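Chemist: Structure incoming, see below.
The values are calculated or read from the model by the stated rules, or taken from the named source; none is laboratory data. Source: prediction; values computed, not measured. Positions of Cβ are backbone-derived with ideal geometry, glycine not excepted, and every protein chain shown enters the neighbour counts. The protein model used for the area step is the full one, side chains on, heavy atoms only, and it has no ligands, DNA or RNA in it. Shrake-Rupley method; radii C 1.70, N 1.55, O 1.52, S 1.80 Å.
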Amino acid sequence: MNVFAPLRIVSTDDAGIDLAFRRDVLAGLGQSPKAIPARWFYDLEGSRLFEQITALAEYYPTRTEVGLLEAHGREIAALTGPGRLVVEFGSGSSLKTPLVLREIEPAAYVPIDISGEFLNDAARELGARFPHLPVVPIEADFTAPIDLQHLLPSNPMLGFFPGSTIGNLTPATAVDCLRSMRKTLGTGAHLLIGFDRIKDIPTLVAAYDDAQGVTARFNLNLLDRINRELDADIPVACFRHQARWNADWNRIEMHLEALTEVHFNVCGQAFTLAQGETLHTENSHKYTPDLARLLLQAGDWSPLQYWTDADDAFLIILAEATEIRAAP
């Protein structure tokens, strides 16, 4: 069997509740304006819904990034070299990950994701497609450093962070995440990362508010998860999905708007949202190539090569770990 038993690096209480999930939800509902980090979308159902989103006509990022990986896979492989440990931050996609694994001749594949059930499914699928490749899944929050050195061979690593997931983070948090990845991957590492580019607002909004309502279900599923896992009684039917462009931050924002005044409890604590008040659930920042370069450099990565599509809709960058220096 080439798929190893998942390593779980998640803190839970005696009832099995993820302590970080509970902390973030209670803190986010208690602040003004209310907000919950987007990483908590991805329970099993949320992960499945997101896979459906990636196939929608309005959602251009996935098919554009897949096209770039197909077109430039051999060039990426030549720049990274064979025998690397591929560490994917977020569960592997059945579309993207094989394109990388097929070209670069990796020593092992290490998917890291916060959603344990979806992680296990993705690991088994990739293991079946690459039966001679060791697959070592890790259930963990990849925004914090993870010590992989004692778990895996000392091969150089290639981080894979596709899908413009970096855009879910505010610039300051994104820099922290990139530095964390630098620590996780170590000296001599490379990082292959996707960025969604700034474009016309109607195209951006449609990608996060599709006609079939899949993105709306994905957003509302966060409330279902809170109800199920945190002993909550949120009236989900009293909320609606909202996607809007924030020009000041170059980002699409997703919110859940209260259709009426709502009162509910989470983990024994009472909360209220006024009619029209929103719970901010996701950011998706959009970048120019120069802004992406600056973000990577601030996060201790040095860009090596850029690839974009003919419509300038999406960007993938291969970067190398910057040497840590005490001074210039």
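Chemist: Across the range 180-206, which residue is most open to solvent (accessible area, probe 1.4 Å) among those that are of a type in the set (A, V, I, L, M) and either touching a His at 6+ places or on another chain (Cβ under 9 Å) or not in a helix (DSSP H, G or I) (or both)? So that I can check it myself, show each step before the final result.
Modeler: Taking the range 180-206 first, the residues of a type in the set (A, V, I, L, M) are 181, 185, 189, 191-193, 198, 201, 204-206.
Narrowing further to those that are either touching a His at 6+ places or on another chain (Cβ under 9 Å) or not in a helix (DSSP H, G or I) (or both): 189, 191-193, 198.
Working: Ala189: 2, Leu191: 0, Leu192: 3, Ile193: 2, Ile198: 66 Å².
That would be Ile198.
Chemist: Please specify each residue of the range 56-76 satisfying the condition of being aliphatic (A, V, I, L, M) and crowded, with 17+ Cβ neighbours inside 10 Å.
Modeler: Answer for the range 56-76, where residues must be aliphatic (A, V, I, L, M) and crowded, with 17+ Cβ neighbours inside 10 Å: Leu56, Val66, Leu68, Leu69, Ile76.
Chemist: Those residues that are open to solvent by 40 Å² or more (accessible area, probe 1.4 Å), charged (D, E, K, R) and part of a loop (DSSP other than H, G, I, E, B), I need them from the range 207-224; list them, please.
Modeler: Residue satisfying the conditions is Asp209 alone.
Chemist: Can you find a residue that is in contact (Cβ under 8 Å) with a residue 60 or more places away in the chain, closer than 23 Å to Trp307 by Cα and either open to solvent by 50 Å² or more (accessible area, probe 1.4 Å) or not in a loop (DSSP other than H, G, I, E, B) (or both) anywhere in the range 96-104?
Modeler: Yes, because at least one residue in the range 96-104 is in contact (Cβ under 8 Å) with a residue 60 or more places away in the chain, closer than 23 Å to Trp307 by Cα and either open to solvent by 50 Å² or more (accessible area, probe 1.4 Å) or not in a loop (DSSP other than H, G, I, E, B) (or both).
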